[in-house]
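Have a look at the structure below, then the notes.
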Amino acid sequence: MSRRCASIVILLAASVLFSQTPPQLGQASLDEVIAAMTPAEKVQLLVGGGMAGNFAGVAVGKIYHNVPGAAGTTQPIPRLGIPAIVLADGPAGLRIAPHRDKDEKTYYCTAFPVATMLASTFDAGLVEKVGETMGKEVLEYGVDVLLGPALNIHRNPLCGRNFEYYSEDPLLTGKIAAAMITGVQSNGVGTSIKHFAANNQETMRTGNDARMTTRALREIYLKGFEIAVRDAQPWTVMSSYNLINGTYTSQSRPLLTDILRGEWGFKGTVMSDWYGGKSAPEQIQAGNDLLMPGRADQAIAILSAQIEKKLDGQAVDTCVRKVLQLILESPRFRNYAFSNAPDLKAHALVARQAAADGMVLLKNNNTLPLPPQVKTIAAFGNTSYDFISGGTGSGDVNEAYTVSLAEGLTDAGYTLDGGLKKSYETFFRLEEEKNKPDKSNPLAAFMPKKRPEEFAPGADLLAATASAADIAFITIGRTSGEFEDRKLEGDFLLTAAESGLIAEVTRAFHKAGKKTVVILNVGGVIETASWKAFPDAILLAWQGGQEAGHAVADVLSGKVSPSGRLPMTWPILYDDIASSKNFPARVTLSREEMWADLMGKEKETKDRRNIDYTLYEEDIYVGYRFFDTFKKPVSYPFGYGLSYTTFSCTRPVVAAEAQGWKMTCTVKNTGKAAGKEAVQLYVSAPAKTLAKPAQELKAFAKTRLLQPGESQEVTFTLSPYDLASFDQVRSAWVTEAGSYRLLIAASSRDVRATATLQVAAEQIVRVHDVMRPAEKIATIR
Ligand code: BGC
């Protein structure tokens, strides 16, 4: 036996040499508990209990809990009174298995609207309510930490997980995330904000090096996390799979300790993404306290590194303390008697309200809300009958049902054209027989199932339907999920069958003097410029969770006036996007490579652009920061969305306060229907020393439901730090002296009222000069 192995055996054996009355967690101080721990016990705490059950055909992990379908646990140490705590996904609702062996009961969870749709509400209060409701399920199903919310930036519309993330804008991202965290954690359970940071593509996600300036890092990719941490103190942060400027995020002490803890004051625990990172000792040294889901070789590597003096005991103890603090806070530690019976009926109502308030009306030629004479609806598009509640992978939820558009309309009292519905049913039956699931792909269970090509109603059916029905709806559906990015063909772009369907249905219905509405049941941006002129209205229904169909009917019928706004820009062409050249839009990895990436295998290649590394050459010019600064036309701008009513806004009154400024304006419903307005405050900053985007969102608010003629005063506060840009030469947040224009707007391109505020002298906050790229990145200016 080598000396190294012998030492490990001695250390492991030491775990049984415990004192007679060992200190118990919660009774003794943390110092005493840590002092009583053997080296092996400490490592046991830092490395999770494995992924219980069967992971893509590989049997792994030990079951330390009674919540099947949870993503992982910590390891218990009964001798010290340390229980295992349970961690489960994810952003759109709790993800656990709905059925259990030898158990008749079901364990469904509520599928809420996807994160992007929650951000579209521009309503932090509503998102907090969603979080509070989701958190009740976490608590009542015996889970301690929810693995969400996820807040990576929508850098490019083709990122496969954008639906799990909020926005292209860090302020909207951070504030909505903070509301979600506050809501979930109000139940006494934890959240894990993820994936920290810059996990902006799925292609080669465990080995991609995101290379960027420290300005882009600070202003765009870290800002949302910074706001979420400062405003809401999540119990945990999940580091991401990727590298930033050459270092795995889970092995980056500058990121996890200097910035997250040192600068932002994060008090909680950091865990890795599942099997993320390469070196367990480096993760511990960096302050990545918990390695999830945990593997035996990680434990051995940490013990070996300590023996070889490559990892100091202090770093181990710091991480151990963080994990113990997390356990101390958990419901499991408090012995909370969970019911396994959350009020799913009540929670469905919250999901429905959030979905209705997150819908974005993109176009309306006097078509919506549906007038009373509309009774019979022709529902075209496969997705009308097979609605998509959310995306796939760990962002999926096992809900009891999804209300389709067809069901939602029927429940709202509309009649569906029967002949058309029957044709779709026959089509689905035949398709099901044709498309058996692909059992040869181990990833298939985690990935979007192949959806059949659009059913093409023939000319006769089209003509008959156009004469029988009062209006046509055409639903276009998209789904995506982790492991893979979206594609251009047939995903960002409509398929020929889809554009053909929109054109033909519109032609037939217009000929009959009737209207058509396109409903987008999608998780992210698609191309709209080429076809948006055809239909009379377009409703972006997103992926609205299990109550989606009811919520769409609420909006179409006029029960709810749409008040959602786009949390990202919708470009005309894919190539208009600033990151289009620096994203794997036209790359498909082989199945073997995807599998290797999933398992975090060491790669043979390091130099394939957009796969092994990605250059963030667009720098801070992400989304509207690019389109608005460089005056590029767009299909729909950031913050855009129509309503059934209209609003006016008074000029903001600005008052200086001790900590900054207060702005007040009055929003009035000037139309004929009740509605809510999403008020957006953009700031256009002076650019004497640093180049600045034309404008940046600095605050937003949603009014309450205003009746026609009713007003509401809206107040925003700003501090000098909120106005600062990152000067990478000085490694400092700098608020330049000068005049700042405040723009109260209904979208980034629809300014309604303006004011200015003066900053008398430059203000500067110096921060750690860390995480610089190895080489200069050619950025746009
Ligand atoms: C995902 C995480 C998720 C984890 C546990 C990983 O594949 O990236 O977001 O929380 O799995 O399911």
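The values are calculated or read from the model by the stated rules, or taken from the named source; none is laboratory data. Here the structure is a predicted model, which means the values were calculated and not measured. When we count neighbours, we look across all protein chains shown, and the Cβ atoms used for this are built from the backbone with ideal geometry, even at glycine.
A few comments on the model shown:
- In the range 190-199, residue farthest from the ligand (Cβ to nearest atom) [restricted to those that are out of contact with any helix residue (DSSP H, G or I) (no Cβ under 6 Å at 6 or more places or on another chain) and more than 22 Å from Asp485 (Cβ to Cβ)]: Gly190
- Of all the listed residues (Gln314, Gln353), the sole one being of a type in the set (S, T, N, Q), in a helix (DSSP H, G or I), out of contact with any Pro (no Cβ under 8 Å at 6 or more places or on another chain) and free of Cβ contacts under 8 Å to residues at least 40 places away in the same chain is Gln314.
- Gly395 being among the small types (Gly, Ala, Ser), at pLDDT 95 or above, touching a Gly at 6+ places or on another chain (Cβ under 7 Å) and surrounded by 14 or more Cβ atoms within 10 Å (Cβ to Cβ): no
- When residues in the range 66-108 are screened for being within 14 Å of the ligand (Cβ to nearest atom), assigned to a loop (DSSP other than H, G, I, E, B) and of a type in the set (Gly, Ala, Ser), 7 of them pass.
- Any hit, the range 249-257, residues being touching a residue at least 24 places away in the same chain (Cβ under 8 Å), within 16 Å of the ligand (Cβ to nearest atom) and at negative phi: yes
- Filtered residues of the range 539-572 (kept if more than 25 Å from Lys631 (Cα to Cα) and among the β-branched types (Val, Ile, Thr)): Val552, Val555, Val560
- The range 205-214, residues that are away from the ligand (no atom under 16 Å from the Cβ) and more than 20 Å from Val729 (Cβ to Cβ): Asp209
- With respect to the conditions (1) away from the ligand (no atom under 16 Å from the Cβ); (2) of a type in the set (A, V, I, L, M, F, W, C); (3) surrounded by 16 or more Cβ atoms within 10 Å (Cβ to Cβ), Leu349 falls short on a single one, namely (3).
- Summed over the range 137-179, the residues that are within 12 Å of Pro91 (Cβ to Cβ) and within 15 Å of the ligand (Cβ to nearest atom) give a count of 14.
Residue by residue, here is whether (1) under 25 Å from Asp619 (Cβ atoms); (2) within 16 Å of the ligand (Cβ to nearest atom); (3) in the same structural domain as Tyr616 (by TED's automatic domain parsing); (4) assigned to a strand (DSSP E or B) holds:
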residue: Glu226; (1), (2), (3), (4): yes, no, no, no
residue: Pro234; (1), (2), (3), (4): no, yes, no, no
residue: Phe266; (1), (2), (3), (4): no, no, no, no
residue: Val270; (1), (2), (3), (4): no, yes, no, yes
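- Meets criteria (out of contact with any Ser or Thr (no Cβ under 9 Å at 6 or more places or on another chain) and not in a loop (DSSP other than H, G, I, E, B)) for Val765: no
- Counted residues, the range 236-248 - those being β-branched (Val, Ile, Thr) and away from the ligand (no atom under 16 Å from the Cβ): 2
- Positions within the range 717-734 being closer than 20 Å to Thr754 by Cβ and either surrounded by 21 or more Cβ atoms within 10 Å (Cβ to Cβ) or without any contact (Cβ under 8 Å) to a residue 60 or more places away in the chain (or both), in sequence order: Leu718, Leu723
- Out of Leu681, Leu705, Leu690, Leu642, sole residue that is closer than 25 Å to Met568 by Cα and in contact with a Phe, Trp or Tyr (Cβ under 7 Å, 6 or more places away or on another chain): Leu681
- Output for the range 453-497, where each listed residue is over 26 Å from Ala553 (Cα atoms) and either aromatic (Phe, Trp, Tyr) or part of a helix (DSSP H, G or I) (or both): Ala459, Asp460, Phe483, Leu488, Glu489, Gly490, Ala496
- Scanning the range 671-707 for residues that are over 31 Å from the mean Cα position of the chain (by Cα) and under 17 Å from Val751 (Cβ atoms) yields a total of 0.
- With respect to the conditions (1) out of contact with any Gly (no Cβ under 6 Å at 6 or more places or on another chain); (2) more than 30 Å from Leu361 (Cα to Cα); (3) more than 16 Å from the ligand (Cβ to nearest atom), Ser580 lacks only one, and its number is (2).
- Leu217 more than 16 Å from the ligand (Cβ to nearest atom), under 23 Å from Asn245 (Cα atoms) and either touching a residue at least 60 places away in the same chain (Cβ under 8 Å) or under 13 Å from the mean Cα position of the chain (by Cα) (or both): yes
- Near pairs, Cβ below 6 angstrom, 6+ apart or cross-chain, from the range 384-408 (in a loop (DSSP other than H, G, I, E, B)) to any residue that is basic (Lys, Arg) and at pLDDT 95 or above: Val397/Arg95
- The range 737-753 - residue that is among the hydrophobic types (A, V, I, L, M, F, W, C) and not in a loop (DSSP other than H, G, I, E, B) and, of those, surrounded by the most Cβ atoms within 10 Å (Cβ to Cβ): Leu742
- Residue in the range 21-30 that is surrounded by 24 or more Cβ atoms within 10 Å (Cβ to Cβ), of a type outside the set (Phe, Trp, Tyr) and modelled with pLDDT of 95 or more present: no
- Condition met for Glu202 (more than 13 Å from the ligand (Cβ to nearest atom), of a type in the set (Asp, Glu) and modelled with pLDDT of 95 or more): no
- Top-ranked residue of the range 569-608 - restricted to ones that are at pLDDT 85 or above, of a type in the set (A, V, I, L, M, F, W, C) and touching a Pro at 6+ places or on another chain (Cβ under 7 Å), ranked as farthest from Arg486 (Cα to Cα): Ile572
- Residue list for the range 585-622, restricted to those being assigned to a loop (DSSP other than H, G, I, E, B), away from the ligand (no atom under 16 Å from the Cβ) and surrounded by fewer than 18 Cβ atoms within 10 Å (Cβ to Cβ): Arg586, Val587, Thr588, Ser590, Glu602, Lys603, Glu604, Thr605, Lys606, Asp607, Arg608, Asp612
- Residue pairs meeting the criteria (Cβ under 7 Å; at least 6 apart or on separate chains; first farther than 17 Å from Phe583 by Cβ and among the basic types (Lys, Arg), in the range 476-494; second assigned to a loop (DSSP other than H, G, I, E, B) and within 16 Å of the ligand (Cβ to nearest atom)): Arg478/Gly523
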